[in-house]
Amino acid sequence: GIQVEQSPPDLILQEGANSTLRCNFSDSVNNLQWFHQNPWGQLINLFYIPSGTKQNGRLSATTVATERYSLLYISSSQTTDSGVYFCAVERPGGGNKLTFGTGTQLKVEL
Amino acid sequence: GAGVSQTPSNKVTEKGKYVELRCDPISGHTALYWYRQSLGQGPEFLIYFQGTGAADDSGLPNDRFFAVRPEGSVSTLKIQRTERGDSAVYLCASSLGTSVDTQYFGPGTRLTVL
């Protein structure tokens, strides 16, 4: 099956700092989503981004499908950004099921 | 509008017992998914429904696991003869059911098998 790797696995930031999270995948995809799992376990949709660039407030994401990676940018981080960030992909003909990456655990400190 | 809801939020059971976990998808979403998340890992796919039928059940770990969606809305995940290794958070998601679309997740049910 498709492999999805995320880096870094852990990240500690001071409030106000910027960061870039990376997601590499091993095969072609027709769907890529970024999620934030908050400390209570809720998965929150951030972006649906199989290709191109999107921005939403302090967050933006870029997927380069031909090179099989996606980047999530967090600017001016806040303590509420803490949690685990997952990317998840769906393969063409993969039956709509998402394969999740290994996750990046982010902690934002005051 | 209301998001995906799951009940119960927590379930503690004894080894060997039977459990049912319920998922209410977003109204109008024809596709429904079940995932399982173990501690420290990303969610793993279990089963996908399009309408009332299971379109893909390749992620169910064994025949103790079964899921239904009889009217194309609410779904129930059923686990027979629970084992301690079944302990995890069970997540449900729904989507519009188009060929490529966004999945929205519920809060999950935390299952603990003693």
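What accessible surface, in Å², does a 1.4 Å probe find on B:K78, ignoring ligands, DNA and RNA and rounding to the nearest 10?
Rounded to the nearest 10, that gives 50 Å².
Once amide H atoms are placed 1.01 Å from N in the peptide plane, what residues at a sequence separation of 5 or more from B:D56, or on another chain, have their amide H within under 5 Å of its amide H?
Correct list: B:Y48.
Binning at 5 Å from 0, report for chain B what percent of all alpha-carbon pair distances ends up in each bin.
Going out from 0 Å in 5 Å bins, chain B shows 2, 13, 24, 27, 19, 10, 4, 1, 0 percent.
Over the whole of B:27-36, what's the average partner chain Cβ count within 10 Å per residue? Rounded to a whole number, please.
1
Going by the alpha-carbon gyration tensor, a ≥ b ≥ c the square roots of its eigenvalues, is the protein assembly as shown rounded (a/c under 1.5) or, if a/c is not under 1.5, prolate (a/b greater than b/c) versus oblate?
Note, shape of the protein assembly as shown comes out prolate.
Sort B:V12, B:V68 by accessible area with a 1.4 Å probe, largest first.
B:V12, B:V68
Local charge sum around A:Y48 (other residues, Cβ-Cβ under 12 Å, Lys/Arg +1, Asp/Glu -1)?
-1
Mind listing P(r) for chain A? All alpha-carbon pairs, 5 Å bins, whole percents.
2, 13, 25, 25, 19, 10, 4, 1, 0, 0
I'd like the accessible area for A:S19: 1.4 Å probe, protein heavy atoms, all chains in place, Å² to the nearest 10.
In the full protein context, A:S19 sits at about 10 Å².
The values are calculated or read from the model by the stated rules, or taken from the named source; none is laboratory data. Computed from a predicted model, the values in this text were never measured in an experiment. Using ideal geometry, Cβ is built from the backbone for each residue, glycine included, and neighbour counts are taken over all protein chains shown. In case anyone asks, the SASA skips ligands and DNA or RNA and just uses the protein heavy atoms, side chains included. Shrake-Rupley method; radii C 1.70, N 1.55, O 1.52, S 1.80 Å.
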